[in-house]
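The values are calculated or read from the model by the stated rules, or taken from the named source; none is laboratory data. If you're wondering where the values come from, they're calculated on a predicted model, not measured in any experiment. Glycine gets a Cβ as well: all are built from the backbone with ideal geometry, and neighbour counts include every protein chain shown. The accessibility values were calculated without ligands, DNA or RNA, using every heavy atom of the protein model including side chains. Shrake-Rupley method; radii C 1.70, N 1.55, O 1.52, S 1.80 Å.
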Amino acid sequence: MSVGNLVILVFENLSRRKARVALTAIGVIIGTAAIVVLVSMVIGLQRNATEGLLSSADLTQIWVNPGYNDTGGPPDPRTGEMPGFVPITEQVVAQIEAIPGVKKVVRRDYSQFGMLMRYGRLEGGAGLLGVDVMDLSQMGLQAQEGSLTLERGTIIMGYNVPKNNFYDPRQRPGQEPPPPPELLDKTVRVELMKWDQQGAEIRKTVQLRVAGILSETRGEADWNIYAPLEDVTAWNDWFMGRRTNRAKDGYNSLLVQVEDISQTIQVNDQIVAMGLMAYTPSSIVQGTNSFFLVLQVIFGGVGAVALLVAAIGIANTMAMAILERTREIGLMKAVGATNRDVLSIFLGEAAGIGLIGGLGGVIVGWSAGQIINVLGQVYLAGQATQQPGGMGATTISVSTPSWLLVFALVFATLVGLGSGIYPALRAATIIPVEALKYE
């Protein structure tokens, strides 16, 4: 029997029992739709979580700090360092730069002194970072105002520093706070502070020009001030009363820029193997993807249980069909049909029920996902209008990729095929003479 004739015969047989086939297919529809909706919801949540991380962090960046693998022993009596301490020396920097996939290594030093900024009547403070790049765009930063170019005697402020960090020390109770200062291209007086052994305060004043204001990053850069590494090193030398020894002290941290996101985790692992502490936002994305993959399996399994129940219904329907069509099977064999032909017909009918239910389940599941999307958008839009500040609606979408629809359809068909194996084998092994005598 040709494949074309088999398909025609299968669907003719199914059309003779429309009500029974429809009721059996409903179970497959429910199970398939459950798989599509549940897995689509997990995929949508995963996409939103990943997009949120991509918008708030550069996944090609790795933050490196010295290693502090304390073995519990006493400090070195000569250097005072704890055992297992791994400083970021120039030799270590060279080793990191030699790792395949590393595009740029930015040396960074934090200020060790106290700092007070003055502009007119206003005072303020912020973290101060020294970096060895002339252009902060090499660190993935963008300018809201001014320039990203760092020169000696200049600073670039984070987004929140001029907005939130300045205050009037002579402001009276109940008096309106002053508006945020316009600091672009203005000179800020910065007082550096340290204390001697007797506890007396020593101050040093430097004049710094604000070369630019950074765009908001929702990260470390928003609350810090960037200055050339040479300036911060000189001020730290003044604070410590000695010159910084990079071979011993090293750098406070590094920012490693990787050429491609796919290489970030591998480079991060190699840096950790050097004894340093390293962190990359890509590790969060990797962990998030692993978590959602487990959720996809669990939620898909819930839908598969519904399909298993439907499979029992298909098996029952096919078993009843054999009892009703026993004389028909005997007649088919009497006119020349082989066991293989009978087996193919009943397997085809079982798979056909799975295919029909799978098509219905895919359509119902995709439609339900679109309805959830619309209802979610309407709800979040209503919530956004009630929030001060006009926050836009965040998408909580059900994302249904095409591969999921194809998988669900094929899986439902295979479930139907598997459910019909036992009834089809029974039909194929019926003895023609006994089948023709069956009442």
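Placing +1 on the Cβ of every Lys and Arg and -1 on the Cβ of every Asp and Glu, with nothing else charged, gives region 158-278 a dipole about its Cα centre of roughly 580 debye.
For the chain, the spread of Cα positions along the three principal axes, ordered from largest to smallest, is 115, 56, 36 Å. Among Val256, Gln197, Ser402, which residue has its Cα positioned farthest towards the positive end of the charge dipole of the chain, with +1 placed on the Cβ of Lys and Arg, -1 on the Cβ of Asp and Glu, and the dipole taken about the Cα centre? It is Ser402, whose Cα lies furthest towards the positive end.
Placing +1 on each Lys and Arg Cβ and -1 on each Asp and Glu Cβ, with no other charges, gives the chain a dipole about its Cα centre of roughly 1100 debye. Expressed as a whole percent, the accessible surface of the chain that belongs to carbon and sulfur atoms is 60, based on a 1.4 Å probe. Between amide H atoms placed 1.01 Å from N, distances below 5 Å from Leu128 occur with Ser111, Ile225, all of them 5 or more places distant or on a separate chain. Centroid-to-centroid, using Cα positions, region 98-148 and region 277-323 are 48 Å apart.
Only helices enter this figure: runs of n ≥ 4 DSSP H residues, each worth -39500 (n - 2.57), summed and divided by the residues of the chain, yield -17000 deg cm²/dmol at 222 nm to the nearest 500. 3J(HN,Hα) couplings calculated from phi for region 186-192 with the Karplus curve 6.51 cos²θ - 1.76 cosθ + 1.60 (θ = phi - 60°) are, in sequence order, 9, 9, 10, 8, 10, 9, 8 Hz; Gly and Pro show x. Ranked from largest to smallest solvent-accessible area, with a 1.4 Å probe on the protein heavy atoms, Ile265, Ile155, Ile30 come out as Ile30, Ile265, Ile155. For the chain, the residue among Val10, Thr60, Gly361 whose Cα projects farthest onto the positive side of the dipole built from Cβ charges is Val10. Between Asn224, Asn289, Ala278, the Cα set farthest toward the positive side of the dipole of region 222-358 (charges on each charged residue's Cβ, about the Cα centre) is that of Asn289.
Sorting Met134, Met332 on solvent-accessible area from highest to lowest, probe radius 1.4 Å, gives Met134, Met332. Here the relative contact order of the chain, from alpha carbon pairs under 8 Å that lie six or more residues apart, stands at 28 percent.
Given region 142-266, what whole percent of its Cα pairs are spread farther than 20 Å? That fraction is 60 percent. Of Glu51, Glu176, the residue with the largest accessible area leads and the full order is Glu176, Glu51 (1.4 Å probe). Here region 208-259 is treated with +1 on each Lys and Arg Cβ and -1 on each Asp and Glu Cβ, and its dipole about the Cα centre works out to around 300 debye. Between the amide H of Ser253 and those of Arg108, distances stay under 5 Å, these residues lying 5 or more places away or on another chain, with hydrogens modeled in the peptide plane. Here the Gaussian network model covers the chain, with springs between Cα atoms less than 10 Å apart; of Arg118, Arg17, Arg170, Arg170 fluctuates the most. Per residue, the solvent-accessible area of the chain (1.4 Å probe, heavy atoms of protein chains only, all protein chains present) comes to 52 Å².
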